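Below: the structure, in C-alpha cells.
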2 protein chains.
Amino acid sequence: MTAARESVSTAAVVDTALTLFAERGYHGTALSQIAEVLQVRTPSLYNHMRSKHELLETIIGDTVRGVLDDFREATANRGDPLDRLYHAVLVYSRRHATHRREAIVVNRDTSSLDEPTRSQMQALRREHEHAIRSIIGDGVAAGRFSVDSPALASFAIREMCVSIARWYQDGGPITPEQVSREYTEFALSIVGAGRM
Amino acid sequence: MTAARESVSTAAVVDTALTLFAERGYHGTALSQIAEVLQVRTPSLYNHMRSKHELLETIIGDTVRGVLDDFREATANRGDPLDRLYHAVLVYSRRHATHRREAIVVNRDTSSLDEPTRSQMQALRREHEHAIRSIIGDGVAAGRFSVDSPALASFAIREMCVSIARWYQDGGPITPEQVSREYTEFALSIVGAGRM
DNA sequence: CATACTAGCTAACGCTCATAAGTTTGCCGT
DNA sequence: ACGGCAAACTTATGAGCGTTAGCTAGTATG
C-alpha cells in the first residue's frame, strides 16, 4: 500500500474550501466535496482543521483583516483627501481582482458566521466603510470633492470595487493594475474630483 | 379543533421564502423555517408549491424578467444615449431599493439553480448587461461620453446599483427616489457625461 | 531496531433535511 | 343536509450532512 507522509496540508484544505465556498457558498459546499478534490476521505480533513465552521472563520477573518491592513498602509502618511481616496480605492479594487474567491465568500457568507465572530467581522467591515466615508467627507469640507451624500458615494464606490470579484477573469487580457486604475478614475468621477 | 379554510396562500409561501432566502441564503434556509413563520407544519407547504427548488426558480425568474421589462419600458422611444442611460439607471437603481430581497437572492443564489434554468437566467442577466454596455458604447461613439472601456463602466454602474439592496433601509429617512436620483448622477459621472 | 507520532483509513453516530403517503377536518355548492 | 374538495395534519422514509472513535501503516527520532 502506498500512503505518502503528507499528501494534504492545512493550506491546501483552506485553499480548496475557498474555491468551493466561492463557487457554491458555505452551506452549498459539503466537506465530502472538499475531500474529493484533495483525493482524500472526508474524516481525514479533521487532521488539518477543527471544524467546517472554523474554515469559514479563518477565511473571512484573514480576508477582512487584510483589507484593513491594505487600507492603512495605502493611506498612511497621506493628508490630502484626493490622494488618500485615490490610493484607498487603488488597493481595494486591485485586491478584488487578485483575491476574487475571498471577496465572494466574505460578501456571501459572513452572515453564516455565528456570534460573536459575525459581529466582530461586520464591525471591521464597517470600519473600512466609515474610513472611506470620512475621506470623502473631508474632501467635500475642503471643497475638493462635490457630492451630495458622502455615505451614498462611499457605498457606491466600495460595492463597485467589490463586484470586480464577480466578473474579473484571472487569465484574461486585462491586468489587475488596469482594472484598478480604471476603477479609481470611476471613483474620483463619482466624488466629482475629475481625473488625475 | 379550529382549522380555517385558507390560512396560507401560495403568495404567502413565496413571500416568506423570499425573506428567508435573502436573510440566510437558499441552502441556509430549511422548509421547516418557512413553515414555522407561516405557523404551519412543513409538509403543508406542498399544498402551495411543487418543491423547494421551484420556489427559487419562481423568485429568480420573476425578478430577472422584471428587470428586463423595466429596462425596455424605460428606454423605449428614447434615442439619445444620455437619455437612455439616465432612465435605464434610474429604474434599475430604484428597483434595488424597492425590491431588496429579490435582488439579494438573485445575486447570491442564481448559481444554486440547476440546468437548464441556470443558463437561461444568466443569459437574461447578460442581456441587460450588454444592453447597458451598448448604450455606453453608443454614447462614446457619438462623443457624448468619455470612458476608456464601456464594458468596465457597465459593470461598475450595474453592480453599484445592485449593492443598494445590501444597505438600503426600508423604513429609513431616504426614499427610493432620492437614492435612484443620486445613483443616476454617479453613473453619468462614471461615463464622463457630467450632471443633468 | 524500537518508539512515538502523524495522517491516512473504515465504520458508525445522531441529526436534519426534502419529500411522500395516508388521514382528518372544515367550508362550499348543490 | 350532504358529498366533495382543499388544505391542513401525522407519520414515515431515505438520503446526506458534520463529526467521533478506533484502527493501520508509514516516517522520523533515538
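The values are calculated or read from the model by the stated rules, or taken from the named source; none is laboratory data. Computed from a prediction, not measured in an experiment: that's the story for all the values here. Glycine gets a Cβ as well: all are built from the backbone with ideal geometry, and neighbour counts include every protein chain shown. Calculation scope for accessible area: heavy atoms of the full protein, side chains included, ligands and nucleic acids excluded. Shrake-Rupley method; radii C 1.70, N 1.55, O 1.52, S 1.80 Å.
Condition first: surrounded by fewer than 19 Cβ atoms within 10 Å (Cβ to Cβ) and either in contact with a helix residue (DSSP H, G or I) (Cβ under 7 Å, 6 or more places away or on another chain) or modelled with pLDDT of 95 or more (or both). Can you find one or more residues in the range B:184-191 that meet it? Spell out the reasoning first.
Pass one, the range B:184-191, residues surrounded by fewer than 19 Cβ atoms within 10 Å (Cβ to Cβ): none.
Scanning the range B:184-191, I find no residue that is surrounded by fewer than 19 Cβ atoms within 10 Å (Cβ to Cβ) and either in contact with a helix residue (DSSP H, G or I) (Cβ under 7 Å, 6 or more places away or on another chain) or modelled with pLDDT of 95 or more (or both), so the answer is no.
I'd like to check something: does the range B:4-12 contain any residue that is in a helix (DSSP H, G or I) and crowded, with 18+ Cβ neighbours inside 10 Å? There is no residue in the range B:4-12 that is in a helix (DSSP H, G or I) and crowded, with 18+ Cβ neighbours inside 10 Å. Restricted to the range A:123-156, and to residues there that are in a helix (DSSP H, G or I) and out of contact with any helix residue (DSSP H, G or I) (no Cβ under 7 Å at 6 or more places or on another chain), the residue that is nearest to the other protein chains (Cβ to nearest Cβ) is A:126. How about the range B:33-60: which of its residues are closer than 25 Å to residue A:30 by Cβ, open to solvent by less than 60 Å² (accessible area, probe 1.4 Å) and assigned to a helix (DSSP H, G or I)? Across the range B:33-60, the qualifying residues are B:33, B:34, B:35, B:42, B:45, B:52, B:53, B:54, B:55, B:56, B:59, B:60.
Residues that are polar (S, T, N, Q) and under 13 Å from the mean Cα position of the chain (by Cα) within the range B:59-115 comprise B:63, B:93, B:98, B:107, B:110, listed in sequence order. If you filter the range B:32-67 down to residues that are within 16 Å of DNA strand D (Cβ to nearest atom) and within 14 Å of chain A (Cβ to nearest Cβ), you find that the one that is farthest from residue B:119 (Cα to Cα) is B:33.
Within the range A:164-172, none of the residues are of a type in the set (Lys, Arg), over 13 Å from residue A:100 (Cβ atoms) and out of contact with any Cys (no Cβ under 7 Å at 6 or more places or on another chain). Quick check: anything in the range A:157-180 over 9 Å from residue A:93 (Cα atoms) and in contact with a Leu (Cβ under 7 Å, 6 or more places away or on another chain)? The answer is no; no qualifying residue exists.
Hey, among the residues in the range B:15-32 that are of a type in the set (A, V, I, L, M) and surrounded by 18 or more Cβ atoms within 10 Å (Cβ to Cβ), which one's nearest to DNA strand C (Cβ to nearest atom)? Within the range B:15-32, the match that is nearest to DNA strand C (Cβ to nearest atom) is B:31. Those residues that are assigned to a helix (DSSP H, G or I), within 16 Å of DNA strand D (Cβ to nearest atom) and within 14 Å of another protein chain (Cβ to nearest Cβ), I need them from the range B:16-30; list them, please. Once the filter is applied, which keeps residues that are assigned to a helix (DSSP H, G or I), within 16 Å of DNA strand D (Cβ to nearest atom) and within 14 Å of another protein chain (Cβ to nearest Cβ), the range B:16-30 yields only B:24.
So that you can scan it fast, the table gives a plain yes or no per residue for (1) in contact (Cβ under 8 Å) with a residue 40 or more places away in the chain; (2) touching a Ser or Thr at 6+ places or on another chain (Cβ under 7 Å); (3) open to solvent by 60 Å² or more (accessible area, probe 1.4 Å):
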{"residue": "B:108", "(1), (2), (3)": "yes, no, no"}
{"residue": "B:111", "(1), (2), (3)": "no, no, no"}
{"residue": "B:121", "(1), (2), (3)": "yes, yes, no"}
{"residue": "B:124", "(1), (2), (3)": "yes, no, no"}
{"residue": "B:131", "(1), (2), (3)": "yes, no, no"}
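Do we have residue A:193 as within 11 Å of another protein chain (Cβ to nearest Cβ) and part of a loop (DSSP other than H, G, I, E, B) here?
yes
When the criteria are applied in full, residue B:29 meets the requirement of being among the hydroxyl-bearing types (Ser, Thr, Tyr), in contact with a Phe, Trp or Tyr (Cβ under 9 Å, 6 or more places away or on another chain) and free of Cβ contacts under 8 Å to residues at least 40 places away in the same chain. Could you tell me whether any residue of the range A:97-112 is within 14 Å of another protein chain (Cβ to nearest Cβ), more than 21 Å from residue B:27 (Cα to Cα) and away from DNA strand C (no atom under 16 Å from the Cβ)? Checked against the condition, which is being within 14 Å of another protein chain (Cβ to nearest Cβ), more than 21 Å from residue B:27 (Cα to Cα) and away from DNA strand C (no atom under 16 Å from the Cβ), the range A:97-112 yields at least one hit.
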